[in-house]
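Enquirer: The following block contains the structure, expressed as structure tokens.
The values are calculated or read from the model by the stated rules, or taken from the named source; none is laboratory data. This is a predicted model, so every value here is computed, not measured. Methodologically, a virtual Cβ is constructed for each residue, glycine included, from the backbone with ideal geometry; neighbour enumeration extends over all protein chains shown.
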Amino acid sequence: MRIAVIGTGHIGGTLGQRWQAAGHAVVYGSRQGAGEGPGGAPVLPAGDALAGADAVLLAVPGRAVADVIGPHGAALAGKIVIDATNNIGGQAAVNAQAAVAAAAPGARYARAFNTLGWENFADPPAGAILVFAADPEAQAAVEELVTAVGLEPVCVGGADASGTVDSLLPLWFALVKQHGGNRRLALRVAE
């Protein structure tokens, strides 16, 4: 899969490297221009990074999503857009679903990689799950990318279930606090 990771911080950089190690073609999009990113993948201006991508990971601060993707709505049409952002203390929604829909109504939206710290992507705990929501056309690709990171994918519904995914974020923060700030903490499903 060809993946454009928009953002080179802990989340974007860690996921990009894991996907690259799994054999996916990764390119980073950044406002900083061109160069070499995490894992040696190329860094390009965001518009150039989006050009050949099958899937796009948004890994920028939640408050910046509209500004980052606004000029690139046409380039996002038909692509899987995975929203890993969190707009803590921002608007009513923590996710960027409305911003993605406004900029790129033809994008296939998924909400994933926002409820765990990046440490769990770099070194996933055994048996840990990642809960996500996705448009039906994006579900299989998101499952593949979650699995490539080393987590078990658990889909809770279509894009309209993004709020369900978001509800896990305060739970994760509370658990981290209860465990003395240990961010390498994840969930499992027992049947």
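Enquirer: Please specify each residue of the range 130-143 satisfying the condition of being closer than 18 Å to G78 by Cβ and either outside any helix (DSSP H, G or I) or at pLDDT below 95 (or both).
Expert: Scanning the range 130-143 gives A134, D135.
Enquirer: Moving on to the next point. What single numbered condition from (1) touching a helix residue (DSSP H, G or I) at 6+ places or on another chain (Cβ under 9 Å); (2) surrounded by fewer than 21 Cβ atoms within 10 Å (Cβ to Cβ); (3) assigned to a helix (DSSP H, G or I) fails to hold for G23?
Expert: Looking at each condition in turn, G23 falls short on (3).
Here's the yes/no breakdown for (1) part of a helix (DSSP H, G or I); (2) touching a residue at least 24 places away in the same chain (Cβ under 8 Å):
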| site | (1), (2) |
| --- | --- |
| V65 | yes, yes |
| H72 | yes, yes |
| A99 | yes, yes |
| A126 | no, no |
| L145 | yes, yes |
| V154 | no, yes |
| G163 | yes, yes |
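Enquirer: H10 passes all but one of (1) surrounded by fewer than 23 Cβ atoms within 10 Å (Cβ to Cβ); (2) more than 26 Å from R184 (Cβ to Cβ); (3) touching a residue at least 40 places away in the same chain (Cβ under 8 Å); (4) not small (G, A, S); which number fails?
Expert: It is condition (2) that H10 fails.
Enquirer: Which residues, counting only those in the range 110-124, are under 14 Å from L15 (Cβ atoms) and not in a loop (DSSP other than H, G, I, E, B)?
Expert: A110, E119, N120, F121, A122
Enquirer: Return only the number of the condition from (1) modelled with pLDDT under 95; (2) within 15 Å of the chain's Cα centre (by Cα) that D48 does not satisfy.
Expert: D48 satisfies all of (1) modelled with pLDDT under 95; (2) within 15 Å of the chain's Cα centre (by Cα) except (2).
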